[in-house]
Structures are given as C-alpha cells and as structure tokens.
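The values are calculated or read from the model by the stated rules, or taken from the named source; none is laboratory data. This is a predicted model, so every value here is computed, not measured. Cβ atoms come from the backbone with ideal geometry, glycine included; neighbour counts cover every protein chain shown. The protein model used for the area step is the full one, side chains on, heavy atoms only, and it has no ligands, DNA or RNA in it. Shrake-Rupley method; radii C 1.70, N 1.55, O 1.52, S 1.80 Å.
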Amino acid sequence: MVEGAAPTAKPGINDTATPRPACLQPSSHKPISKRPQAYLRAPHSHSSSRTGNEIRGSRARALPDRALVNCQYSSATFSTGERKRRPHGDRKSCEMGLQLRQTFEAAILTQLHPRSQIDIYVQVLQADGGTYAACVNAATLAVLDAGIPMRDFVCACSAGFVDGTALADLSHVEEAAGGPQLALALLPASGQIALLEMDARLHEDHLEQVLEAAARASRDVHTVLDRVVRQHVQEASVLLGD
Amino acid sequence: MKETPMSNCERRFLLRAIEEKKRLDGRQTYDYRNIKISFGTDYGCCIVELGKTRVLGQVSCELVSPKLNRATEGILFFNLELSQMAAPAFEPGRQSDLLVKLNRLLERCLRNSKCIDTESLCVVAGEKVWQIRVDLHLLNHDGNIIDAASIAAIVALCHFRRPDVSVQGDEVTLYTLEERDPVPLSIHHMPICVSFAFFQQGTYLLVDPSEREERVMDGLLVIAMNKHREICTIQSSGGIMLLKDQVLRCSKIAGVKVVEITELIQKALENDQKVRKEGGKFGFAESMANQRITAFKMEKAPIDTSDVEEKAEEIISEAEPPSEVVSKPVLWTPGTAQIGEGIENSWGHLEDSEKEDEDEGGSDEAVILDGVKMDPGVEVSNIGSQDAPIVLSDSEEEEMIILEPDKNPKKIRTQTVSAAQVRAASKKPVKRRRKKRAAN
C-alpha cells in the first residue's frame, strides 16, 4: 500500500502556548488486490477498512427495495497502550458497528442495489483518540473506491471542550482527561449530520460552539479526502486509459 | 414471535395525524405521558411507569477488589434487560441490536457523566471497593424505553442505601443493617434522557414517542441532561439527517422537560422518605390502591364533525341502492315462525345422515347449491321451485322430533339445529319427490 499525501495542518481551535500536535494525513492507496480498501492515517489513529460488496448476501435478511449495510468494527489487540484481550464481540465494538451502519445507511444510495448486502469491515490498528472519526473516514474512502454510490462524502471528526475553548480532533490523552467529547459525522455539502454522539457533561450554552468546531474540522477533512480521491482517480485512469 | 408488521393504512394514518400535529393519545408535540414512580420495601427498588411503559430498577452492592488501573474508585455496573413479557417480539435470541444500543446509551449517560462519586465508594484503596450494580428490567414496552429506564436507574440509585463501613487501621468493619443505619450513595446530579422522534425526514418531531409512533419514525435523538442544564449525552440514531439548529432546539426543549421530571422525582423520593420515617406502610403492595374499580377509559377527544352530513350525503348518493329483501314470515305452529332460509352451509357437507339419499342427494345438492348461490335474498320464494334448500347438519345435536298438529308426525332422520327444525317440514316434500324418483 502506497502512502503519499501532503500533510495538512488541521486548525486546532486552541492555539495556546503548547501547540497541539494536530495534523491529519490520510493516505492514498493503490489497491493491490481487486478488493476496495482504504488505509487512513489520522493523528496517531490508524484504521484500515475494507468493503465487501456481495451481491448475494444472506437471503433471509435481504430487503426487497434496498441494500443491506453491514458494518463490523474491530480493534487490534495492539491498538491501545495496554494489550486488549477482547478485540471484538464486546459491547463497545457492537455499538461502534451499529453506529457505523447507521451512518452509512443514511449516506449510501441503497435504493440502487436492491436485495444485496454491502459489508464494511473496519479495523483499528492504532488508537490514539478519535477512533470513530477515523473509522468513518476510512470507510468513506473504501466505499468510494468500491464504486458504491453515496450521497456525499461522510466526514467525521471529534471535538471537545476544555477551559472555555472548543477543541477539534481530540487525542487519547485529551479524551482520557475526562472532559466532554463529541463525535460528529457530517455530509459536508448539505451540512447534514449523519451521526452525533456526545459523552460527559457539557453545559448547554457551549454546545453550539463545540458543534461548530467539529463541523469545521469535518469540512477540512473533506477537502483532504476529496483531493486524495481525485488524485487516485487520476492515477488510475492514467494506468487504465489510453 | 416476529413483530407483527404495521399495515400501510395505519402507517399513513399516523404520519398524516402527525403532520396535522395530532397524536393518538391526545398529547401535544412536547408533552410527556404520565410518569408514576413507586418504591419497593427494600432500599434501591423502584418501578417507573411512563404511560404504559414500565421499568423495574434494582440496585445492589457488593465489596470487591477494584480494577487495576483505577485502584481508588468503586465500580458501577449497569444492566438493562428486555424481559420477554414486555413485548411479544422480545425473545431471548433476537434482541441483540436494541439491547446493545440501550445498554450502551445508559452506560454512557450514567457512568461517563459521573453522576455518582465513585471515589466515595472506595473502602480500602487497592483492595476493597464497593461495586454498585443497577439492574433494570423492562416489564412492558409501550415506546420510549430509554427515558423510562434512565429515570428508573437514577431513582433507584437515589433511593438506595448501602451498608455502613468503618476502617480502623487495618481493620474493616462492615455493619449490618441492624447495627447501623445504611448510608445513601453520594450523587452529584441526576441525568435524565429525553427522546425526540423525527418524522418525514426531520420535518416533524415528537417528544416521548409511543410504541406506534416509534414504528413509523425515521430516527431518534436522545439528549440526556440534568437540571443544571448540562448535557450529559447526545445520541442520534436511526439514520436521520439532522441540522445543527434542530439539535440546538431539541436541547432547549430537553432542558425544560428535565427540570419538570427532576421535580417529580424529588417529590416521590421525599414522599417515600416521609412514609418510612413515620412508620407507615410502604412498598409495592401499598402503592397499588385497593378497592378501586379499574376501568379502561380514554379521554374524550374533540372531533370536528361539521362536514359529516355533507360527506355522508355524498356517499349515500354515490352508492348503489341496496337490494330488495322481501320478508315473508311463515308460521309453522303457534310460537314457531320462520323468516327466510338462512345462508347455505359454506362448510360443505358435514354429515350425510340419509344414507339412502347419498347417491342421488349428491347431484341434487350440487344443483341446489348453484341455484341458491345466485339469489341469496330471495330464497323463501324459491322454495317451491328449487329442489331442496340446504340444511345445516350438526352432528352433535340429537335427533329432533317435531310434533305438528296438522301433519303426520314422522321421524325426521336429519339432525337439525333447534332453530332450524322447521326446515324439516320443508324437507318433506323433497323426500317425497326423491322417493318418487327412486321408485321410478
């Protein structure tokens, strides 16, 4: 897998004395095999995702008018600081899978693939905060690479609130500090929120600020993803075309 | 068993009603159903009823060794179970998605928001801490499980008393309930979940959806807040697309609702406290009023009937006129009359009681069936022209002997229902005809 994309400095809203190590580098990918996959390297959170597009999914659950979206989330045992003993099957992984599924069911044009099943497998290789966001971004790239039609890019980012300022894209240390964290998945063109999830206490008055920070960061992610996809398409067409 | 699918008519009806800002139970868009909180005899046991949705919450505690990375904090464990009695669709193997979602939401709402001071649950750092376990059981599902469950959890936690512990040097003494009064948990704040259901791609929203409304909704947004207007959790589910101002508006509504519900909870807790102190009776048995006539009553809902007459006239004028029915009562004996012949027996021939007629009766009956089917309304007048009307034969009835003063009493072999015994009289001419044929 080839990684190559110019790093972009993502504006952390908080530019205090110690600048936050914030830069998002999604890597472009050249699929070696025919299976569409994407590898996303976010600030210390790496996740890889693969889309399996099986036209004949489980017949019992097939829907007559739309495609079924199935998402599986698993994190590698070496992904966190301490070795995790149960990488999948526990409640948190199930929940992540459900949330991813919800996000993509809203974004993929499922009416165009009736009676089929779209599988999205996401594996977190290194987790340093913002795992949900990294998973969503990686899955977007994989779905795009598979050629499955979507309404728009789904870009996600996490945000938090510390000392009166909203922070975008929290790292593990910032998440573990216990402050409020917000994960937002956005369709950038329309500004619609596909998934919104928040933890820990945040006063209502600050909600708008944090939402705005997350939305802005998601749009920045979108510009990077857009550029990467176009570059990849250009390269692929050069190889295939002529 | 699988969930019964909702019919299209019902779905359309509900959506249309929601568009006109009407709900089936007469509530307004932002109204909650009635919340009723009752406590059990033990501390930490409560039942919350949100309309017809019932959740039972029970808190228990145990001394355990703490987690390795959090040696000075107690452990909180939440478990929500969807009991099979809550809805026919809840079966042991089938519920996993919903269960995971609800459990995770509750955990995040109550644990991550740090509503309970876990440091105070520590007895001996690194060795013994309290593990508080909250078990919630859904007893009846009528929509909005998450709100009811969150209320039940927080009420049960507020109500709970744990045994007192004292540490002297190396010695830890755990007092029983008789030795020392149990101690309440230290609760910082009470997070309560408020659910918003979205319809028609986010155009309409309802607070506290009932089960029917949940079936037709596009998606759900759950906001957990406490009365200090701090948001503890936000979770959007169901694949709806939200806009930022919708979320902000919902959070404002949630703030108002949470304040009301928190007041209710405080009042309920105070009442229970008072009753226990005064030595009165408490518990679930007491909270159910005796000597009360329970009736299923719905509030009257005003319906607009101003244009009913016009509509009715339209329908009547466009409809076909009903078919003519001529009723000719036939008096068999004083006290026994017959009007009409009844419809034919659509069960087919249950029992052939007349063995002799079996061969010929079959063809006769076949002809008769067609004839009778053509004009169901004019059977009486056709008695003479047709061969025989169909007689209901009920094999369980005993044989009936009809004594008629003006006719020869003949043993009628067909077993007829008492209401139709007069038909035996009409069968006689048939028999005679058949026998004539047999003779010929």
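Considering only A:Val124, A:Phe104, A:Val162, whose Cα is most displaced toward the positive end of the charge dipole of the range A:89-225, charges sitting on Cβ of Lys, Arg (+1) and Asp, Glu (-1)?
A:Phe104
So which trypsin sites (Lys or Arg not before Pro) in the range A:142-242 pass both tests, a DSSP loop state and at most 15 other Cβ atoms within 10 Å of the Cβ?
Of the trypsin sites (Lys or Arg not before Pro), the ones in loops of the range A:142-242 whose Cβ has at most 15 other Cβ atoms within 10 Å are A:Arg151.
Determine ³J(HN,Hα), in whole Hz, for all residues of the range B:278-286 in sequence, where each value follows from phi through the Karplus function 6.51 cos²θ - 1.76 cosθ + 1.60 and θ = phi - 60°; x replaces Gly and Pro.
6, x, x, 7, 9, x, 5, 4, 6
Determine the per residue accessible area of the range B:50-152 with all protein chains present and a 1.4 angstrom probe, expressed in square angstrom. Before the final figure, lay out the partial values.
Numbers: 4170 Å² over 103 residues.
Per-residue value: 41 Å².
Give a quick list of GluC sites (Glu not before Pro) in the range B:158-208 that DSSP marks as loop, anything other than H, G, I, E or B, with at most 13 other Cβ atoms within 10 Å.
B:Glu178, B:Glu179
What number comes out for accessible area per residue over the range A:83-123 if the probe is 1.4 Å? Units Å², please.
With the other protein chains kept in place, the range A:83-123 gives 51 Å² per residue.
Going toward the positive end of the dipole of the range B:71-216, with +1 on Lys and Arg Cβ and -1 on Asp and Glu Cβ, which of B:Leu80, B:Leu102, B:Val183 do you reach last?
The residue sitting most towards the positive pole is B:Leu102.
Which parts of the range B:90-112, residue by residue, lose 30 Å² or more of accessible area when the rest of the protein chains are there, as against the chain isolated (1.4 Å probe)?
B:Asp97, B:Val100, B:Arg104, B:Arg108, B:Asn112
So if R0 is 35 Å, what FRET efficiency would B:Glu179 and B:Ser83 give, r being the distance between their Cβ atoms, rounded to the nearest 0.05?
Given R0 = 35 Å and the Cβ-Cβ separation, E is 0.45.
For the range B:149-192, what's the radius of gyration and Dmax over Cα atoms, in angstrom?
Final numbers for Rg and Dmax: 13.7, 41 Å.
Over the range B:1-112, what relative contact order in percent results from Cα pairs under 8 Å that are six or more residues apart? List each step's numbers first, then the result.
Working: 82 pairs, mean separation 19.3, N = 112.
That works out to 17 percent.
Which parts of the range A:90-108, residue by residue, lose 10 Å² or more of accessible area when the rest of the protein chains are there, as against the chain isolated (1.4 Å probe)?
A:Arg91, A:Lys92, A:Cys94, A:Glu95, A:Leu98, A:Gln99, A:Arg101, A:Gln102, A:Ala106
How much of the accessible area of the range A:79-238, in percent, comes from carbon and sulfur atoms when a 1.4 Å probe is used?
Reported share for carbon and sulfur atoms: 49 percent.
What is the range A:147-242 by shape, rounded, prolate or oblate, if you read a ≥ b ≥ c off the alpha carbon gyration tensor as root eigenvalues and call it rounded for a/c under 1.5, prolate for a/b larger than b/c, and oblate otherwise?
prolate
Report the net charge of residues surrounding B:Glu62, where surrounding means a beta-carbon distance below 13 angstrom and charges are Lys +1, Arg +1, Asp -1, Glu -1.
Around B:Glu62, the surrounding residues sum to +2.
Answer rounded, prolate or oblate for the range A:123-166, using the Cα gyration tensor with square roots of eigenvalues a ≥ b ≥ c: rounded when a/c is under 1.5, else prolate when a/b is larger than b/c, else oblate.
Judged from the Cα gyration tensor, the range A:123-166 comes out oblate (a/c at least 1.5, b/c at or above a/b).
What accessible area per residue comes out for the range A:149-242, rounded to a whole number of Å², with a 1.4 Å probe?
43 Å²
Using only protein heavy atoms and a 1.4 Å probe, report how much of B:Lys21 is accessible, in Å² to the nearest 10.
My reading of the accessible area for B:Lys21 is about 130 Å².
Leaving ligands, DNA and RNA out of it, work out the accessible area of A:Thr77 with a 1.4 Å probe and give it in Å² to the nearest 10.
30 Å²
Averaged over every viewing direction, what's the projected area of the C-alpha convex hull for the range B:86-231? Give it in nm², one decimal, please.
11.7 nm²
Can you tell me how the range A:53-190 classifies by the Cα gyration tensor, rounded, prolate or oblate, using a/c under 1.5 as the rounded cut? The partial results should precede the final answer.
Values: a/c = 2.63, a/b = 1.57, b/c = 1.67.
Verdict is oblate for the range A:53-190.
Using the beta-carbon distance between B:Tyr30 and B:Lys328 and R0 = 45 Å, what value does 1/(1 + (r/R0)^6) give for FRET efficiency, to the nearest 0.05?
For B:Tyr30 and B:Lys328, the calculated efficiency is 0.10.
How big is the A/B interface in buried accessible area, both sides summed, 1.4 Å probe, to the nearest 100 Å²?
Counting both chains, the buried surface is close to 3000 Å².
List the residues whose amide H sits under 5 Å from the amide H of B:Lys128, counting only those 5 or more places along or on another chain, with H placed 1.01 Å from N in the peptide plane.
Here B:Val123 satisfy the definition.
Above 17 angstrom, tally the Cα pairs of the range B:213-282 and express them as a % of all pairs, no decimals.
Working: 1396 of 2415 pairs.
Beyond 17 Å sits 58 percent of the P(r) for the range B:213-282.
Determine the distance separating the Cα centre of the range B:193-242 from the Cα centre of the range A:97-142; give it in Å without decimals.
Taking the Cα centre of the range A:97-142 as reference, the centre of the range B:193-242 is 22 Å away.
Largest first, what is the accessible-area ranking of B:Trp347, B:Trp332 with a 1.4 Å probe?
Ranking B:Trp347, B:Trp332 by accessible area, largest first, yields B:Trp347, B:Trp332.
Got a number for the accessible area of B:Asp142? Probe 1.4 Å, square angstrom, nearest 10.
Its heavy atoms expose roughly 40 Å² to the probe.
How high is the FRET efficiency from A:Leu240 to B:Leu248, r the C-beta distance, R0 60 Å, rounded to 0.05?
E between A:Leu240 and B:Leu248, to the nearest 0.05, is 0.80.
Tell me the GluC sites (Glu not before Pro) within the range B:241-346 that lie in a loop according to DSSP and have at most 10 other beta-carbon atoms within 10 Å.
B:Glu278, B:Glu299, B:Glu324
Report the semi-axes of the equivalent ellipsoid for the range B:148-251 in whole Å, largest first, where each axis is √(5λ) for an eigenvalue λ of the Cα gyration tensor.
Square roots of five times the eigenvalues give 43, 14, 10 Å.
How many angstrom lie between the Cα centre of the range B:1-35 and the Cα centre of the range B:87-133?
31 Å
What size of dipole, in debye to the nearest 20, comes out for the range B:54-170 about its Cα centre when the only charges are +1 on Lys and Arg C-beta atoms and -1 on Asp and Glu C-beta atoms?
Once rounded to the nearest 20, the dipole reads 180 debye.
Which of the peptides A:124-135, A:176-187 is most tightly packed, and how do the rest follow, judged by the mean count of other Cβ atoms within 10 Å per residue?
A:124-135, A:176-187
Using a 1.4 Å probe on the protein heavy atoms, what percent of the accessible area of the range B:224-291 belongs to carbon and sulfur? Working shown, then result.
Working: 1890 of 3640 Å².
Answer for the range B:224-291: carbon and sulfur cover 52 percent of the accessible area.
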